[in-house]
Amino acid sequence: MRPARALIDLAALRHNYRLARELTGAQALAVIKADAYGHGAVRCAQALQSEADGFAVAAIEEALSLRAAGITGPILLLEGFFEADELALIVEHDFWCVVHAPWQLEAIERAQLRKPLQVWLKLDSGMHRVGFFPEQYQDAYRRLQASGKVEKIVLMTHFSRADELENPRSEEQMAAFAQAREGLHAEVSLYNSPAILGWSPRFPALQKTDWVRSGLMLYGASPFETPHEHAARLQPVMTLESKIISLRELPAGEPIGYGARYVTDQPTRVGVVAMGYADGYPRHAPSGTPVAIDGQPSRLIGRVSMDMLTVDLTHLPQAGVGSRVELWGKQVLASDVAAAADTIPYQIFCNLRRAPLVYSGA
């Protein structure tokens, strides 16, 4: 059996969820959209169900799969509904629903519902993807209240640059939100993962948040490009690993892999690993990207192929066929691999495929 696999530590998942609560003192949604960022939404939800205040997914299809698996807690649809006829399913399965556009508001006003909705009303405070503009926000709130179709409204927005801790944009968005919701008496949801880790301790008095949305941090990866004291407390949840399946002893001056992107500059022991971009490892990871071989630091050399990649074993004389290779995890941080490949940990997690998920810590 091919040795590539992703080990998922559910105890680390719970640790990271508790950290989100600790840092903010707020109720926390566990964001498990996109199959829990590649970690397996059902198993992650099951691991958190006894303590999570709720879950968040992108769309109703993801929410329905969780209900089918026995997840009974609140589930928020972060993009709301895409068609008005989804409202019946939202009511039937007790989903919470983001409302971010005038057409959604109008659909709710026209709908015949068996019971009222739980709505999270989204403000566009400067992200400029979705959400009501500030001048529309209070009217949207009043219309929802007057519709008779809504039991509860939570006020929310989303920060565009919260991972840039010295950038004033988050403060500007915070101020825009405070002004737009002035006089509205409702619970508030403000912080995503970078805001939980980096901004919530800085704004305890300026803007209270009742709910936070823990996404990337739930899986133990830092959203920041530089070290941060709270991000350092996260525990990686996924360890992507495989094994050396072939060994090459090459003299200096020999090219390795497609395109001859790496040429040995000395006699080199090359390990071939059963892992490639078809598994989700980033194809553009350059030579020098960190790996660990039997717990010892090493590096990628040569271009990543569909099913294989090559690593440097020259300084590891005991390593060979069968040696364990950590591509990212508790020793090799996913954020470091992502940075080397000029991408972000969100993407490399979500791109994971083919390698089976193996769970522990349930």
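Filter the range 307-318 down to residues that are in a loop (DSSP other than H, G, I, E, B) and of a type in the set (A, V, I, L, M, F, W, C) and give me whichever is nearest to the chain's Cα centre (by Cα).
Restricting to residues being in a loop (DSSP other than H, G, I, E, B) and of a type in the set (A, V, I, L, M, F, W, C), the top hit is M308.
Count, please, the residues in the range 294-313 that happen to be at positive phi and surrounded by fewer than 23 Cβ atoms within 10 Å (Cβ to Cβ).
2
If we only count strands (runs of 3 or more DSSP E) wholly inside the range 122-233, which ones have 1 or more residues that are within 18 Å of A101 (Cα to Cα)?
Hits in the range 122-233: 150-157, 187-191.
Specify which of the listed residues (V270, V304, V321, V332) is within 20 Å of P3 (Cα to Cα) and either in a strand (DSSP E or B) or free of Cβ contacts under 8 Å to residues at least 12 places away in the same chain (or both).
V270
I'd like to know if the range 89-96 contains one or more residues that are in a strand (DSSP E or B) and under 18 Å from A28 (Cα atoms).
Checked against the condition, which is being in a strand (DSSP E or B) and under 18 Å from A28 (Cα atoms), the range 89-96 yields at least one hit.
Mind telling me which of the residues A319, A340 ends up being closer than 29 Å to R233 by Cα, of a type in the set (G, A, S) and modelled with pLDDT of 95 or more?
Sole residue among the options that is closer than 29 Å to R233 by Cα, of a type in the set (G, A, S) and modelled with pLDDT of 95 or more: A340.
Within the range 1-20, can you find the residues that are surrounded by fewer than 20 Cβ atoms within 10 Å (Cβ to Cβ) and in a helix (DSSP H, G or I)?
The answer is L10, A11, H15, R18.
How do the helices (runs of 4 or more DSSP H) wholly within the range 21-74 filter down when requiring 1 or more residues that are charged (D, E, K, R) and more than 14 Å from H93 (Cα to Cα): which remain?
33-38, 41-48
Is there any pair linking a residue in the range 20-35 that is assigned by TED's automatic domain parsing to the domain that holds S214 to one that is assigned to a helix (DSSP H, G or I) and surrounded by fewer than 20 Cβ atoms within 10 Å (Cβ to Cβ), with Cβ under 6 Å and at least six apart or on different chains, and which?
A28/R21; A34/C350
Does the range 255-266 include one or more residues that are free of Cβ contacts under 8 Å to residues at least 60 places away in the same chain, aliphatic (A, V, I, L, M), surrounded by fewer than 18 Cβ atoms within 10 Å (Cβ to Cβ) and assigned by TED's automatic domain parsing to the domain that holds A334?
Scanning the range 255-266 turns up at least one residue that is free of Cβ contacts under 8 Å to residues at least 60 places away in the same chain, aliphatic (A, V, I, L, M), surrounded by fewer than 18 Cβ atoms within 10 Å (Cβ to Cβ) and assigned by TED's automatic domain parsing to the domain that holds A334.
Could you figure out which of (1) at positive phi; (2) touching a residue at least 40 places away in the same chain (Cβ under 8 Å) isn't true of Q173?
Among (1) at positive phi; (2) touching a residue at least 40 places away in the same chain (Cβ under 8 Å), the lone unmet condition for Q173 is (1).
The values are calculated or read from the model by the stated rules, or taken from the named source; none is laboratory data. Just so you know, these numbers come straight off a predicted model, no measurement behind them. With ideal geometry, Cβ positions are generated from the backbone for all residues, glycine too; neighbour counts draw on all protein chains shown.
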